[in-house]
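The values are calculated or read from the model by the stated rules, or taken from the named source; none is laboratory data. Keep in mind the model is a prediction, meaning the values are calculated, not measured. Cβ placement follows ideal geometry from the backbone for every residue including glycine, while neighbour counts extend to all protein chains displayed.
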């Protein structure tokens, strides 16, 4: 299933994004809440695997979702992972599709101005396609939306931040 | 023949050190340039439409290798601001079946800024490195990028992104979203302060607040989550109730995920003040 992607939409989902904003409140706590809001707002999807076991085929149920972690160099990290119900602790985290990190580059306590940088530090490419680019594009868009809700004067530089609903067609009804 | 191939593979994948022209300051300029060079090389390699086999082991006549042949995957991993891993291979149920994995580490040596290249994972067939041309090509592309000392064109990245966006995400999970109630000993003021920290458009009400859902690009006009705080004996009960959620399309999916995020964030924030706060209405095991 494919969608038409126009030139205007073909910005890189892998390139870094730079943000400058004024933080109202404790910077670490605000950034943590914004980060979790974006990560937890990305919908889960089914990513089941059919595995050959001898002559039999076995279905391994997997849920694709964003998991939050910690890194040595960046304070905020998120990975899109394929999770299984009976995974041991940390087992799902190694089954990643991409990873994004948020670096706090500068903070001026006098003005509460902070500079942040989003970087995609892990990804997979196959057949000329960035894998799971849809979820990555949505996460970037949701992060910008959350930051804008905190500071409407947010300054952004970088590539893809917009979202087009045709990137994730949904046929469900509730 | 096999011995000659093995020797060629050993020479091809031996550790090397090459000079670079990556500039200072490292963190603000050099590291970003290097990262862009590795990304560009990886997406270029990913566009070559190579095939890899998931089969490992002895394979007389190559039947098993042929059966498990599929489009290769290229992995990009940045370990820290000076180290990148690039790998080619296949994803298997048990993990990655590497054709090869190369590590590029930037160090400051006596002659200037250098790149140490090592190849910690190698798979061979009759002694020959699998997808050996791709190995040579990506290594040369990355080193050329490091030698040029300027950012590569972003066109390859944009093309791979556009192609990736044209392949739709898997079927979303249809999750049931219910109202939630949290009982806590925290004060109404502390609870209100926690609720106000959630980065959604807010409207204050007499007993709480309302968060608007959707995003600037996802129209979900009228969809919201209402939070109300009420006293119950010596405790407070916080209820979160979804309202007017779209019944179809992407907006329906996103707003339900946003409600899920609001529920989980509210639990997290209230439990910072009161770890003993109890929840009713949602399955706590779904909390990430």
- Query: Among (1) at pLDDT 80 or above; (2) surrounded by fewer than 15 Cβ atoms within 10 Å (Cβ to Cβ), which single condition is residue B:44 missing?
  - Reply: (2)
- Message: Can you say whether residue A:29 is modelled with pLDDT of 85 or more, more than 7 Å from chain B (Cβ to nearest Cβ) and outside any strand (DSSP E or B), as far as the supplied structure shows?
- Response: yes
- Query: Taking the stated definitions as given, is residue A:57 more than 10 Å from chain B (Cβ to nearest Cβ) and either part of a strand (DSSP E or B) or buried (at least 21 other Cβ atoms within 10 Å of the Cβ) (or both)?
  - Reply: yes
- Filter the stretch A:32-42 for residues that are within 7 Å of another protein chain (Cβ to nearest Cβ), touching a residue at least 60 places away in the same chain (Cβ under 8 Å) and either under 14 Å from residue A:136 (Cα atoms) or in contact with a strand residue (DSSP E or B) (Cβ under 7 Å, 6 or more places away or on another chain) (or both) and give the result. A:41, A:42
- Query: Could we say that residue B:158 is buried (at least 19 other Cβ atoms within 10 Å of the Cβ) and out of contact with any strand residue (DSSP E or B) (no Cβ under 7 Å at 6 or more places or on another chain) here?
  - Reply: yes
- Message: Go through the stretch A:139-174 and report how many residues are in contact with a helix residue (DSSP H, G or I) (Cβ under 9 Å, 6 or more places away or on another chain), at the interface with chain B (Cβ under 8 Å from one of its Cβ atoms), assigned to a helix (DSSP H, G or I) and within 22 Å of residue B:201 (Cβ to Cβ).
- Response: 8
- When residues of the stretch A:118-136 are filtered for being at the interface with chain B (Cβ under 7 Å from one of its Cβ atoms), assigned to a helix (DSSP H, G or I) and closer than 18 Å to residue A:76 by Cα, how many remain? 1
- Message: Among the residues that make up the stretch A:81-99, is at least one of them in contact (Cβ under 8 Å) with a residue 40 or more places away in the chain and either under 25 Å from residue B:94 (Cα atoms) or crowded, with 21+ Cβ neighbours inside 10 Å (or both)?
- Response: no
- Query: Identify, please: which residue in the stretch B:17-32 is within 12 Å of another protein chain (Cβ to nearest Cβ) and surrounded by 17 or more Cβ atoms within 10 Å (Cβ to Cβ) and is, among those, nearest to residue B:81 (Cα to Cα)?
  - Reply: B:31
- The residue from B:178, B:271 that alone is away from every other protein chain (no Cβ under 11 Å), under 32 Å from the mean Cα position of the chain (by Cα), surrounded by fewer than 19 Cβ atoms within 10 Å (Cβ to Cβ) and assigned to a helix (DSSP H, G or I) is B:271
